[in-house]
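To start, I am sharing the structure in question, which I have written as structure tokens.
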């Protein structure tokens, strides 16, 4: 009945132990297999897995592991929607679920409309008539919620800004329409230059909004922070402390960490992808050599470097080598083992920004987190941003509006006739209107009559 | 009581711009048709400005013509000044406009009606609609004559309980000097139609000899004349063929007003002054509008001069167009100067207009209030929901303007005729015609002010151009049996020529480029091409230029249309019971129940019906095996 495969996060957003990303449609398993790598000998690709089984593995996206997951495979028709369904259980919280969803969408699924799973269930006959009322409620509440979310829940600055943007575009369109519909009236709609200036303002405004979206990208994707230092200064211990659990193997033997380890930590509300690097020293064997190569790669992509030094020992040649290597990089010096007597001496300009911690006792870690956040993110982090940014539909609508507005502006510059300029302006107004749930024709005439004295 | 012995297929009440188009359409489609009018001498009367067309309205006229209507030809034969408006802008907002000879217009239209096969005209005042069990079967006149017929089309304009205001003087009437239809409203109310009240106004008429035009800007007509009709051959060859003996003025249609006066008359542009504003402010208490005596709602786009002065106080002056009412009269229409101020104020008021210092009023301005039927009580076929076989068209549905009336009239005529033959109604889509936009707006959203067409009401303006009205509608007009075969053949030939010329341009190379690519450059026109096909008409050349030059924009709009059609093609069964959908908000259910939208797209345009409701409706229809609307 339906040709496409839809996906959405099916658990409430927020902190929780688990989150579920649901896929439904005839391509559900094929789409899933594009980003799912089974792990362990009993797991297999979704397409070949028996129905109503659970597969263990990893979700990968763009060559990166996103999360370790369990995937429930349910074949039609014994599913919620009566279509093939895969439910991916990932780690809880907004971020992992969002990353898994991104991976699934990149693999060919379409983001589900509000209530669409239920709708399919109903249409495919899974829900009988007696349950129809519930369906109605769901469709209502979800669609209305989506609108309410745009209009009320985000009653903060952002929503106001989107309304202002729409008003401004509408105002511009009204001027263009007045030129077209009332050429003989002695009204004076804006000149081309003035219209162009208005559109420039709207474009700047959209850029501002989309920039917030870029900030949102950081919020979603995470900031990459590499942990470097000579062997055995406590890099892995620091990683574990920041993650709050044992992920990396720590041991006093140098070079224990043979591979790059990436983990996402929630630091002061920011997703930080921590990259622990294998000791960047000359390789003793092939395995180490490979580890070092990967570390270098990881370093190249990092947006911030945490350079760990051992405060209980004097500065060594290897430390100095790291200090030189990252002199030009955004970095933060971490002086570990602060619980021991201090024997490290640093030049004053370096000592100034350094943070002393003890991975053993946890002392200084809070200060480190503050310092980290400070370096990555200058502004304030508001829940509002997260809420808006997770709605990719809004972002998509704004982008379409921007393209259309730009086309309209260029057309104005090239002296293209106004009825053609209006084509793109309407597309822009409608696109922004999608966010707030209104179309262009609705208030257009009100806007025209409100501004001009008409009446030949 | 006398029952007229002839039984009709279609009875049209009202001989205005809606009524004549309805009657002519039904008769031309082969139905035995009766046109009832209070006064045969006012068939096709232009109660306000004797002008046809303008932005969006001109589009409507071109569409009426492409379907096989009369308005365009009647304008072409009786116009005294023709212009194409907006030519400095793109093709979608070009619009023909004509100033007509008021008397010539109505008498020619009367003559056309009288000569129309299958059409009887009869002078009588209709006082009552005859119905039986929710079905119309005729009308009764004030002389106690009953006419019986299968369908009834009511087009009463401003005559339903018309009340005219000049200052605080009030007088019943549909138009200055004419009686109102006072009882028909009651008849409509009785069958269950809800009526509202609207207001419109008309400016004073001045004596040309009392005006000093020397201070005004002159507005000449365009040459060559931008005629309205798609079938110009008819103007020059079919009608009045004996008149062509006079060879001197071949450039105007034989027998036309232009032919008689051997040229076009100009209009004039002037303006109000500071004194106008002062004078109005001093007399505002004498305006029935401001004193709250007029209850009807007037149009925002056509405000009275006192409205303009009050609402836009910082504007030092407002422009006034002085337009001739005919070639054999000195009456001048003061366009932009409608008012309901008392006559004694008007006398001085017009003299504050620049160049009108000594102007004499021939007829005072007045406001008229009238009943209208809330158009949401109609199906898109213009048939009423409460009474089968009863159709309403024109100002009675809350519109304003001859063109809006004509557009509805022709559709009501077509659909009444199709009902007689038990055929499905013709409903024009929003991406197909301005007439489609007009009717869809009326029956879906209703209106609270006199509804006038604007191009900004159309989502797909670039596709609904005046230059391609025939491409959009001629086939349909022919299929329903309205557009004559010879016009249809002309249309086919024209578009064949266009298609083959486009084909040639796409495939003929000049250097490394095709001719089409060269023509797409903004600065190039068809004539500049290194190779042109000789003898192509202006309209063919223009069509070729538009098709190539605006292809990108037109394609983009076509994509929008595709999206729109997705919901528009999802039919809702006529008897769909909205109570069956549990969980729908009562308010939405009532709206849907009342409007009875034909498609999901239409449902979404009803104010108060949310996307969630449409979604819910879609789910239900799908569950129950959705049908696609058949394309007609």
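Has region B:23-43 got any residue that is in the same structural domain as residue B:468 (by TED's automatic domain parsing), surrounded by 24 or more Cβ atoms within 10 Å (Cβ to Cβ) and under 14 Å from the mean Cα position of the chain (by Cα)?
No, the conditions are met nowhere in region B:23-43.
For region A:167-200: of the residues being within 12 Å of chain B (Cβ to nearest Cβ) and not in a helix (DSSP H, G or I), which is surrounded by the most Cβ atoms within 10 Å (Cβ to Cβ)?
Top of the filtered list is A:182.
Turning to a different aspect of this structure: Among A:431, A:422, A:401, which is modelled with pLDDT of 65 or more, over 30 Å from residue B:318 (Cβ atoms), within 14 Å of chain B (Cβ to nearest Cβ) and touching a helix residue (DSSP H, G or I) at 6+ places or on another chain (Cβ under 6 Å)? Walk me through how you get there before you give the answer.
Working: A:422 fails: over 30 Å from residue B:318 (Cβ atoms); A:401 fails: within 14 Å of chain B (Cβ to nearest Cβ).
After applying the criteria, what remains is A:431.
For region A:93-111, does any single residue satisfy the condition of being within 14 Å of chain B (Cβ to nearest Cβ) and more than 28 Å from residue A:275 (Cα to Cα)?
Looking through region A:93-111, none of the residues is within 14 Å of chain B (Cβ to nearest Cβ) and more than 28 Å from residue A:275 (Cα to Cα).
Any residue at all in region B:464-473 that's in the same structural domain as residue B:58 (by TED's automatic domain parsing) and within 30 Å of residue B:371 (Cβ to Cβ)?
no
To continue, here is another question. Report, by residue number, each residue of region B:327-342 that is in a loop (DSSP other than H, G, I, E, B) and under 26 Å from residue A:183 (Cβ atoms). Before the answer, list the steps.
Just the residues of region B:327-342 that are in a loop (DSSP other than H, G, I, E, B), to begin with: B:327-330, B:336-342.
The answer is B:336, B:337, B:338, B:339.
Here's something else I'd like to know. Tally up the residues in region B:74-97 that are without any contact (Cβ under 8 Å) to a residue 24 or more places away in the chain and buried (at least 24 other Cβ atoms within 10 Å of the Cβ), please.
Taking region B:74-97 as the starting set, the residues that turn out to be without any contact (Cβ under 8 Å) to a residue 24 or more places away in the chain are B:87-89.
In the following step, the residues that additionally are buried (at least 24 other Cβ atoms within 10 Å of the Cβ) were identified as none.
So the count comes out to 0.
Sticking with this structure for a sec: Restricting to region B:412-453, what's the tally of residues that are in a helix (DSSP H, G or I), surrounded by fewer than 22 Cβ atoms within 10 Å (Cβ to Cβ) and without any contact (Cβ under 8 Å) to a residue 60 or more places away in the chain?
1
Then there's this: With respect to residue B:81, is the statement that it is touching a strand residue (DSSP E or B) at 6+ places or on another chain (Cβ under 8 Å) and either at pLDDT 95 or above or away from chain A (no Cβ under 14 Å) (or both) true?
yes
Which residues, taken from region B:410-459, are within 14 Å of chain A (Cβ to nearest Cβ) and more than 18 Å from residue B:59 (Cα to Cα)?
Selection gives B:444, B:445, B:447, B:448, B:449, B:450.
Would it be correct to say that residue B:134 is crowded, with 24+ Cβ neighbours inside 10 Å and touching a residue at least 12 places away in the same chain (Cβ under 8 Å)?
Details: crowded, with 24+ Cβ neighbours inside 10 Å: no; touching a residue at least 12 places away in the same chain (Cβ under 8 Å): yes.
No; evaluated as a whole, the condition is false for this residue.
Quick check on residue B:66: is it surrounded by 24 or more Cβ atoms within 10 Å (Cβ to Cβ), in contact with a helix residue (DSSP H, G or I) (Cβ under 7 Å, 6 or more places away or on another chain) and part of a helix (DSSP H, G or I)? I'd like the intermediate steps shown before the answer.
Working: surrounded by 24 or more Cβ atoms within 10 Å (Cβ to Cβ): yes; in contact with a helix residue (DSSP H, G or I) (Cβ under 7 Å, 6 or more places away or on another chain): yes; part of a helix (DSSP H, G or I): yes.
So residue B:66 passes the test.
While we're on this one: Of all residues in region B:577-622, which are within 13 Å of chain A (Cβ to nearest Cβ) and in contact (Cβ under 8 Å) with a residue 40 or more places away in the chain?
Correct list: B:580, B:605, B:606, B:607, B:614, B:617, B:618, B:620, B:621.
Now, a different point. Wholly within region B:82-142, which strands (runs of 3 or more DSSP E) include no fewer than the required count, namely at least 2 residues that are farther than 21 Å from residue B:8 by Cβ?
Filter on region B:82-142 gives B:95-100.
Follow-up. Return the residue satisfying two criteria in turn: it lies in region B:282-304 and is touching a helix residue (DSSP H, G or I) at 6+ places or on another chain (Cβ under 7 Å) and outside any loop (DSSP other than H, G, I, E, B), and of such residues it is nearest to the other protein chains (Cβ to nearest Cβ).
This residue is B:284.
Could you please let me know if residue B:391 is under 17 Å from residue B:67 (Cβ atoms) and more than 14 Å from every other protein chain (Cβ to nearest Cβ)?
Against the criterion (under 17 Å from residue B:67 (Cβ atoms) and more than 14 Å from every other protein chain (Cβ to nearest Cβ)), residue B:391 qualifies.
Among the residues of region A:88-111, is any in contact with a strand residue (DSSP E or B) (Cβ under 9 Å, 6 or more places away or on another chain) and either surrounded by fewer than 16 Cβ atoms within 10 Å (Cβ to Cβ) or free of Cβ contacts under 8 Å to residues at least 40 places away in the same chain (or both)?
For region A:88-111, residues in contact with a strand residue (DSSP E or B) (Cβ under 9 Å, 6 or more places away or on another chain) and either surrounded by fewer than 16 Cβ atoms within 10 Å (Cβ to Cβ) or free of Cβ contacts under 8 Å to residues at least 40 places away in the same chain (or both): present.
Kindly check whether there is at least one residue in region B:472-489 that is under 30 Å from residue A:176 (Cα atoms) and away from chain A (no Cβ under 14 Å).
Yes, region B:472-489 has at least one match.
The conditions are (1) more than 17 Å from residue A:228 (Cα to Cα); (2) modelled with pLDDT under 90, and residue A:408 fails exactly one of them. Which is it?
Going through (1) more than 17 Å from residue A:228 (Cα to Cα); (2) modelled with pLDDT under 90 one by one, residue A:408 breaks only (2).
Considering only region B:144-179, how many residues are farther than 11 Å from residue B:367 by Cα and in a strand (DSSP E or B)?
Qualifying residue count, region B:144-179: 13.
Restricting attention to region B:343-360, report how many residues are more than 16 Å from residue B:272 (Cβ to Cβ) and not in a loop (DSSP other than H, G, I, E, B). Steps first, please.
Initially, region B:343-360 is screened for residues more than 16 Å from residue B:272 (Cβ to Cβ), giving B:343-344, B:358, B:360.
Subset that is not in a loop (DSSP other than H, G, I, E, B): B:343-344.
Counting residues in region B:343-360 that are more than 16 Å from residue B:272 (Cβ to Cβ) and not in a loop (DSSP other than H, G, I, E, B) gives 2.
The values are calculated or read from the model by the stated rules, or taken from the named source; none is laboratory data. Since the model is a prediction, treat every value here as computed from it, not as a measurement. All Cβ positions, glycine included, derive from the backbone under ideal geometry; neighbour counts span all protein chains shown.
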